[in-house]
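Working notes, structure below.
Quick note: the coordinates plus some simple rules give every number you see, no bench work behind them. Note that this is a predicted model, so its numbers are computed, not measured. Using ideal geometry, Cβ is built from the backbone for each residue, glycine included, and neighbour counts are taken over all protein chains shown.
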Amino acid sequence: MVKVGLTGGIASGKSVVGEMFVALGAHVIRADEISHELMRPGQKVYYDVVAHFGRDILEYDGSVNRAKLSEVAFGSLASGKSRVEELNGIVHPAVIRAQEEWMEEVGRRDPNAVAIVEAALILEAGAAKRFDRLIVVTCSDEQRIVRFAARQKIDLQAARQEVARRMAAQIPEAEKIKSADFIIDNSGSLVHTRRRVQEIWPKIHPLSNLA
């Protein structure tokens with residue numbers, strides 16, 4: 001089995017790229033979906049997050065309001081204070097354990113599988129060495145802002161500020177690119193991105209050449 005890390009900055013198009021690899025036969029799991037599950041009421045991560053960040057981040061039904069948690073963790077633009085490292089210290093170890101368990105299960109079911117973990121903070125979490133290959137997805141700054149605005153249903157100015165705030169808490173994209181085995185520039189059309197994915201696929205799944 002080949003373990004692949006799929007990473008990149010906010011709104012670069014990691015999920016779209018992941019779906020393209022799935023269409024070719026890869027298995028993909030998203031770290032964001034794992035963290036959502038771990039933050040459900042009853043989970044240890046949930047109780048740890050609430051203990052550290054307070055009950056103001058909760059909805060009326062006790063579930064975590066991720067927008068409120070993000071605001072507290074990243075800090076307001078006015079305060080400039082960030083508690084991202086505190087949040088990551090709680091969530092990352094549990095997410096990494098879940099990823100490892102998932103990859104082990106995929107490997108048991110299919111020893112020739114390509115198991116891809118899509119996660120924005122692979123390098124920040126010190127998890128890059130857990131993978132055989134690392135793919136970094138990039139896009140232009142303006143596209144990142146437009147995509148984030150559309151996803152969050154906010155105006156471009158608010159998106160620009162939020163993207164800048166979140167990117168500041170991550171390793172610069174140029175540094176991520178230096179660590180990559182493969183780079184996918186998602187600035188162009190989906191046809192261009194898909195072509196790049198198809199170029200990479202045989203290099204991470206050699207058996208595909210025998211099909």
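From the C-alpha coordinates alone, can you work out the Kirkwood hydrodynamic radius of region 1-47, in Å?
12.4
In debye to the nearest 20, how big a dipole does the chain give about its Cα centre with +1 on each Lys and Arg Cβ and -1 on each Asp and Glu Cβ?
260
Using a Cα distance threshold of under 14 Å, what count of lysine pairs results for the chain when pairs must be 8 or more residues apart or interchain?
The result is 4.
Past the 24 angstrom mark, what percentage of all C-alpha to C-alpha distances in region 2-206 do you count?
Above the 24 Å cut-off, region 2-206 has 44 percent of its Cα pairs.
Just to be sure I understand the model, the point goes 7 Å from the Cα along the line to the Cβ. What's the resulting VAL22 to ARG97 distance in nm?
A separation of 2.6 nm, rounded to one decimal place.
Helix-only estimate, please: 222 nm mean residue ellipticity of the chain, summing -39500 (n - 2.57) across DSSP H runs of length 4 or more and dividing by its residues, to the nearest 500.
Taking each H run of at least 4 residues, the total per residue is -16500 deg cm²/dmol.
Between ASP56 and ASP32, how many nm apart are label points set 7 Å from Cα along the C-beta direction?
With each label placed 7 Å out from Cα toward Cβ, I get 2.6 nm.
Each label point is 7 Å from the Cα along the Cα-to-Cβ direction; what then is the distance between the points at ARG194 and LYS68, in nm?
Here the answer is 4.2 nm between the modelled labels.
Below 8 Å, C-alpha to C-alpha, sequence gap of six or more: please give me the relative contact order for region 2-206 in percent.
Relative CO of region 2-206 lands at 36 percent.
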